[in-house]
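What follows is a set of notes on a single structure, which appears directly below.
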Amino acid sequence: DVKVTQSSRYLVKRTGEKVFLECVQDMDHENMFWYRQDPGLGLRLIYFSYDVKMKEKGDIPEGYSVSREKKERFSLILESASTNQTSMYLCASSFPGSGEKLFFGSGTQLSVL
Amino acid sequence: DAKTTQPNSMESNEEEPVHLPCNHSTISGTDYIHWYRQLPSQGPEYVIHGLTSNVNNRMASLAIAEDRKSSTLILHRATLRDAAVYYCILRPNAGGTSYGKLTFGQGTILTVHP
């Protein structure tokens, strides 16, 4: 079975801390994505990567950075966490193509106090 | 980007068919129509997708209007496990680095009654 694994289900951090959210996929997918999901705003794309060491900004990249050193791993970094980054973070991966399907992890609920 | 419009919520009884509508009047000729669903406390899950023709798979059917300005996701026999938020999404087929860059709207909350 296809698997996208996010390292933590729940995370509590303090304002100003550097936060790493890790995502690993076991499907040899080229593309990986980070979304955040907030009530009333739906899912919004933060960053995506279509190859190792490649990254593209999504719709809301401010305050975030990403790292993709290996094909299977895509990390989301909050350089200095703020309370408005409290959210559910969802990682996804896909194999490019016209029939492309996204496979999502279960999400990380991050609370920044 | 072309947008979709879905009802905020719908209700169904168990073992009855469910028709979830989606309007996408500004769809372009190369946009694929994708449906995902999100069960409580989980990430979204792919359901089905299509371009012009109706599509069937083990989870659902997708009926696409002839002018492609609307589509309907059909669950043939709803179960309690189908209670979820259903998202209708247009995926541009622009190539390059736009692969998989999906824009999720608010979706339709489906409630299934026993």
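Read-outs throughout are calculated quantities, based only on the coordinates presented, and are distinct from any laboratory measurement. Worth saying up front: this structure is predicted, and the values here are computed from it rather than measured. As a convention, Cβ positions derive from the backbone with ideal geometry for all residues, glycine included, and neighbour counts pool all protein chains shown.
Which is the longest stretch in chain B that no exposed loop site breaks, taking sites as trypsin sites (Lys or Arg not before Pro) with a DSSP loop state and at most 15 other Cβ atoms within 10 Å? Formally, the longest exposed-site-free interval is B:4-57. Normalised by the number of residues in region B:15-90, the mean separation of alpha-carbon contacts (under 8 Å, six or more apart) gives a relative contact order of 42 percent.
Label-to-label distance for residue A:54 and residue A:15 is 4.0 nm, based on points extended 7 Å past Cα in the beta-carbon direction.
A Förster distance of 22 Å, applied to the separation of the beta-carbon atoms of residue B:42 and residue B:67, puts the FRET efficiency at 0.05. Take the Cα coordinates of chain A, assign each an equal point scatterer, and use the Debye formula without solvent to give log10 I(q)/I(0) at q = 0.17, 0.21, 0.23 Å⁻¹. One equal scatterer on each Cα of chain A leads to -0.75, -1.14, -1.35. Could you calculate the FRET efficiency of residue B:11 with residue A:111 from 1/(1 + (r/R0)^6), where r is the beta carbon distance between them and R0 is 41 Å, rounded to 0.05? Calculated value: 0.80.
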